[in-house]
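First comes the structure, then the notes that go with it.
The values are calculated or read from the model by the stated rules, or taken from the named source; none is laboratory data. All of these numbers come straight from a predicted model, not from anything done at the bench. Reconstructed Cβ throughout: ideal geometry from the backbone, glycine too, with neighbour counts over all protein chains shown.
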Amino acid sequence: MANEDDYLTSRRTDGTWAVRRVGASRAASIHTRQSDAWKEARRLARGAGSEAFLKGRDGKIRTRNSYGSDLFPPRG
């Protein structure tokens, strides 16, 4: 599923939103708004040619964006 080049946006216990690379122990950036964190995660993933995942307040993956080579590109 997720590899080490992917970026994950999730809510922290203090109510802020963290963007971190999968497998990293420290956050790449901290944001007060979810939208700002998601924007940064997409920017980082685009630069790395990887994926960005957004976890909702409930902790489940809500949105996923792929950048780079997609194994299953959409038709059309």
Completion exercise
Taking the range 22-76 and keeping residues out of contact with any strand residue (DSSP E or B) (no Cβ under 6 Å at 6 or more places or on another chain), among the basic types (Lys, Arg) and under 21 Å from ASP5 (Cβ atoms) leaves ARG26, LYS39, ARG43, ARG46
Practice task
Tell me which residues, restricted to the range 1-49, are β-branched (Val, Ile, Thr) and under 12 Å from the mean Cα position of the chain (by Cα).
Solution key: THR9, VAL19, VAL22
Exercise for the section: Please identify the pairs in which a residue from the range 7-19 that is free of Cβ contacts under 8 Å to residues at least 40 places away in the same chain and surrounded by fewer than 23 Cβ atoms within 10 Å (Cβ to Cβ) has its Cβ atom under 6 Å from the Cβ atom of a residue that is not polar (S, T, N, Q) and not in a strand (DSSP E or B), counting only partners at least 6 apart or on another chain. Expected result: ALA18/ARG12; ALA18/ALA27
Fill in the blank from the handout: Of the candidates SER29, SER50, the one satisfying the condition of being modelled with pLDDT of 95 or more and among the small types (Gly, Ala, Ser) is SER29
Exercise for the section: Return the total of residues in the range 1-59 being in a strand (DSSP E or B) and not aromatic (Phe, Trp, Tyr). Expected result: 15
